[in-house]
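These notes concern the structure reproduced below.
The values are calculated or read from the model by the stated rules, or taken from the named source; none is laboratory data. Here the structure is a predicted model, which means the values were calculated and not measured. All Cβ positions, glycine included, derive from the backbone under ideal geometry; neighbour counts span all protein chains shown.
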Amino acid sequence: MNQQGNKVRQQVELAIEAQGLVKIFGDNRAVDGVDLKVPTGTIYGVLGPNGAGKTTAIRMLATLLRPDGGSARIFGHDVVKEPQIVRQLIGVTGQYASVDESLSATENLVIFSRLLGLGRAEAKRKAADLLEEFGLSEAARRPLKNFSGGMRRRLDLAASLIAQPPLIFLDEPTTGLDPRTRNQMWDTIRRLVGSGSTVLLTTQYLEEADQLADRIAVIDHGRVVAEGTVDDLKSSIGSSSLHLRVQNPQQIQLARQTVERVLRVQTAISAEAATITAPMGNADAVTDLLIGLREAGVPLSEMSVQKPTLDEVFLSLTGRGVEDHAAQSANKTAKTEGQEYEYIH
Ligand SMILES: Nc1ncnc2c1ncn2[C@@H]1O[C@H](COP(=O)(O)OP(=O)(O)OP(=O)(O)O)[C@@H](O)[C@H]1O
Ligand SMILES: [Mg+2]
């Protein structure tokens, strides 16, 4: 193949190519030099805690926010120089919120289909099919303003399915959804990719990235701190983690030292709950640990082995946990609901 041919092929093989993307708000470097390469036809997960810069990065890639530094191409088209072309190639969840709140779900989907050039009968059929698929048939006639957060999210995704753009950005598509709806959403995302789309999704849930993503970038403080397949990431943190609770909270430091000495790992502690979390590569080492703790005179009240959480991923990647993660998550639903409307402009 000649050089020109090679170039075209490379461009098509990457749905997203970002280099050194930067966004600064005041003195906050919200996105601080992000590189991303997302192969066409894959699901790419962007994982990170609150405020990591996920949404800001997506908004730059989706031409909704101008980068302060670096560059990004969507299927080879520059987001700053060719925004019109880029917009024709992408879908962003949340855009659907710009449609009329007083109209029903069906009416909204029909209007959306018509705007995309579908005929009247086809638009109606498509709307009915999608509402059925997303379990919204019963609510089809209800106005959007009476929809719950979860129902809106499903409708958002249904709307992206009408156009089926080659690249779809899903910003925390399942936050606040019940488990059944979350599974349904996962199936739908897989189907989208099965039929040729590329999906970039952000999530705070390691499990979600695990279920869906071919590759993952973990971002923290506006930077990519790890990138690779789910297996790469897991092997870097161990396949499971150990949770210990000491009977006497005053012994937590002693217990921690013992765990770190015996397992030779970094641990995280939660002082008020008197618990210690440690990555566990080798289940056999637990025997040694229990002996070590008994010798140190530290009785345990609880011990369990669990899959690594996002906290542990961060602990192992950055040497610290996601501070106050639980408290932040508690505020999450209200915040993300607001975020959906960021995309109206
Ligand atoms: N429009 C804005 N003006 C000023 N600061 C902003 C703006 N948007 C985001 N930020 C800040 O940029 C940082 C990154 O925010 P961003 O929304 O990208 O994080 P995120 O990873 O999407 O977090 P979350 O998981 O909470 O959605 C945060 O410190 C946030 O406060
Ligand atoms: Mg966000």
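Things worth noting here:
- Residues being within 14 Å of ligand 1 (Cβ to nearest atom) and outside any loop (DSSP other than H, G, I, E, B) - total across the stretch 61-74: 1
- Residue satisfying all of: in the stretch 23-49; touching a residue at least 60 places away in the same chain (Cβ under 8 Å) and hydrophobic (A, V, I, L, M, F, W, C); nearest to ligand 1 (Cβ to nearest atom) among these: 30
- Residue match in the stretch 128-151 (condition: of a type in the set (Gly, Ala, Ser) and within 23 Å of residue 44 (Cα to Cα)): yes
- Of residues in the stretch 13-34 being among the charged types (D, E, K, R) and crowded, with 18+ Cβ neighbours inside 10 Å, the one nearest to residue 66 (Cα to Cα): 23
- Single residue of the stretch 147-185 satisfying the filter (more than 15 Å from ligand 1 (Cβ to nearest atom) and basic (Lys, Arg)) that is surrounded by the fewest Cβ atoms within 10 Å (Cβ to Cβ): 180
- Residues located in the stretch 36-55, provided they are at pLDDT 95 or above and in a helix (DSSP H, G or I): none
- Residue in the stretch 50-60 that is farther than 16 Å from residue 223 by Cβ, within 22 Å of the chain's Cα centre (by Cα) and within 13 Å of ligand 1 (Cβ to nearest atom) present: yes
- Checklist (1) modelled with pLDDT of 90 or more; (2) buried (at least 24 other Cβ atoms within 10 Å of the Cβ); (3) in a helix (DSSP H, G or I) applied to residue 201, failing item: (3)
- Pairing residues of the stretch 50-64 that are in the same structural domain as residue 201 (by TED's automatic domain parsing) with residues that are within 10 Å of ligand 1 (Cβ to nearest atom) and in a loop (DSSP other than H, G, I, E, B), at Cβ distances under 6 Å and at least 6 apart in sequence or on separate chains, gives 53/222; 54/48; 59/65.
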